[in-house]
1. Express the relative contact order of region 21-159 as a whole percentage, based on alpha carbon pairs under 8 Å and six or more residues apart in sequence.
2. What distance in nm separates the two pseudo spin-label positions at Q109 and A135, each 7 Å out from Cα along the beta-carbon direction?
3. Which FRET efficiency value, to the nearest 0.05, do you get for Q58 and R25 by plugging their Cβ-Cβ distance into 1/(1 + (r/R0)^6) with R0 = 45 Å?
4. What's the FRET efficiency of S74 with N38 using the Cβ-Cβ distance as r and R₀ = 22 Å, to the nearest 0.05?
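All of the numbers you see were taken from the coordinates with simple rules; none came from a lab. Predicted model only: the values in this text are computed from it and were never measured. Heads up, the Cβs are rebuilt from the backbone with ideal geometry, glycines too, and the neighbour counts pull from every protein chain shown.
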Amino acid sequence: MRKMFLLLGAVALLVTSCSVSKVAREKRNLLSGTWILNDVSYENNSGNFSSTLFNDAQDICFEGSDWFFRDNNSTGRYTIAPSSLCQGGDRFIRWSVVDRAENYTSQLQFKFIDEKLKDISGGLGYRLNIASLTATEMTLKSNNTVDGVTVTIVYEFTKK
């Protein structure tokens, strides 16, 4: 009988430790769907910046890109339009919302996968702070260091 209680306790602990918080679940539901990345800008420093985002393409290539998040299996994609500066096409991702400790913002994290949902990034991925998220608008931010100074990249989305 005691072993049964220990087993049930262990299973209950495992289930609760793997569950997604209510805040993260709400943000996942809001994220689900198709978004347009309208603008990529920079904060906390002056000057003109150009950067390669997500080890993929120049920042200008992402403006107008289409992002799709499917919440039932945590997969999605973003699509960059082809141009003389940009290698167009779909990039497939696996994503989740990380609910950070109190006084910190939640984060969107993702890594690249192939069409068969297999990891192609060696387990490496990206985390963006969710600065704001509503049913129609989303702002994500990431901090990067340039010459020892923090520069924040700001991603402004609207929902389709």
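1. So the answer I get is 25 percent.
2. Distance between label points: 3.0 nm.
3. Efficiency, from the Cβ-Cβ distance: 0.85.
4. Rounded to the nearest 0.05, the efficiency is 0.35.
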